[in-house]
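Notes follow the structure.
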Amino acid sequence: MVALLAGAATAQPEKLNHTLNVYEAIVTYPGPIWYESGNPIDASEHYRWQNGPEFVIEQIPKGQKFETWTSMYAVRGYYLAARPDLTMDEFLGANLLIPYEQTCGRENIAIRVLERLPDRIMLLFLCQNSAGGPGRIGYRDGVGELAVYKAFKLKTTFVEVFQKWRGPRFVAGDNTTWPAAVTDVNHVIELIKTAAVHPSPRQP
């Protein structure tokens, strides 16, 4: 069961806090970086999907399309009761590293670990070129992606909170070529650092 519990409308994304019930976890996370004021629902296009043990809610700036977005903010949840001993490293391998290797090629990936604890990890993930990605949702040769990514493990629930940017292919070691300004990347890092999970009184 996944449910939106609360959301406050304030003028800064760091004060626009959302709360989600995601399987065994209560997830709190800040609003998207592009939100400025007014009704937060009106600032974004939304996509929400759940199929049993998998859940995702995605936001992109109002007026963008999910096939061609340049900025995306999302929360994903996985209820993996059949794999109670699954480690964070195993989860990241299956849900992050393998898909990105298929999309970007290992030679085009750079990863910076921003935070690491047994039950959570935060990464800066850089895909310089997405030649192997699905064209129907905007990936192709010449398109790169940068992500600030945080993952949590709580019992048998895994939660991901992340911001992605897409743009022309870039050089990971040259931040002037990235699809987002360094100031925006640093701002999002500080925002996503505040995301947290707590045990839910509700069970799937």
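Out of all the residues in the stretch 180-191, is one or more more than 19 Å from Gln59 (Cα to Cα), in contact with a Phe, Trp or Tyr (Cβ under 9 Å, 6 or more places away or on another chain) and surrounded by 21 or more Cβ atoms within 10 Å (Cβ to Cβ)? No; the residues of the stretch 180-191 include none that is more than 19 Å from Gln59 (Cα to Cα), in contact with a Phe, Trp or Tyr (Cβ under 9 Å, 6 or more places away or on another chain) and surrounded by 21 or more Cβ atoms within 10 Å (Cβ to Cβ). Close contacts from the stretch 79-97, counting a first residue that is free of Cβ contacts under 8 Å to residues at least 60 places away in the same chain and a second that is surrounded by 13 or more Cβ atoms within 10 Å (Cβ to Cβ) and not aliphatic (A, V, I, L, M), with Cβ to Cβ under 7 Å and a gap of 6+ residues or different chains, come to none at all. Summed over the stretch 140-177, the residues that are in contact with a strand residue (DSSP E or B) (Cβ under 8 Å, 6 or more places away or on another chain) and either part of a loop (DSSP other than H, G, I, E, B) or of a type in the set (A, V, I, L, M) (or both) give a count of 15. Please work out which residue is most open to solvent (accessible area, probe 1.4 Å), limiting yourself to the stretch 56-77 and to residues that are part of a strand (DSSP E or B), farther than 22 Å from Phe158 by Cβ and without any contact (Cβ under 8 Å) to a residue 60 or more places away in the chain. In this case the residue turns out to be Pro61. Might you check whether a residue that is crowded, with 18+ Cβ neighbours inside 10 Å, in a loop (DSSP other than H, G, I, E, B) and free of Cβ contacts under 8 Å to residues at least 40 places away in the same chain occurs anywhere in the stretch 35-55? Yes, the stretch 35-55 has at least one match. If you check Ala110, Ala151 for being over 15 Å from the mean Cα position of the chain (by Cα) and in contact (Cβ under 8 Å) with a residue 60 or more places away in the chain, only one passes: Ala110. Looking only at the stretch 97-130, filter to residues that are of a type in the set (Asp, Glu) and outside any strand (DSSP E or B); which one of those is surrounded by the most Cβ atoms within 10 Å (Cβ to Cβ)? Applying the filter and picking the extreme gives Glu101. If you check Pro30 against the conditions, is it touching an Asp or Glu at 6+ places or on another chain (Cβ under 9 Å), touching a residue at least 60 places away in the same chain (Cβ under 8 Å) and either open to solvent by less than 50 Å² (accessible area, probe 1.4 Å) or closer than 27 Å to Gly138 by Cβ (or both)? Judged against the criteria, Pro30 is a match. Only one of the numbered conditions (1) surrounded by fewer than 15 Cβ atoms within 10 Å (Cβ to Cβ); (2) in contact with a Phe, Trp or Tyr (Cβ under 9 Å, 6 or more places away or on another chain) is violated by Asp141, and that is (2). Using the structure shown, decide if Ser200 is touching a residue at least 24 places away in the same chain (Cβ under 8 Å) and closer than 21 Å to Ala94 by Cα. The answer is no for Ser200.
The values are calculated or read from the model by the stated rules, or taken from the named source; none is laboratory data. Everything quoted here is computed from the prediction, not taken from an experiment. Note: ideal-geometry Cβ built from the backbone for every residue, glycine included; neighbour counts use all protein chains shown. Ligands, DNA and RNA are stripped out before the accessible areas are found, and what is left, the full protein with its side chains, is counted by its heavy atoms. Shrake-Rupley method; radii C 1.70, N 1.55, O 1.52, S 1.80 Å.
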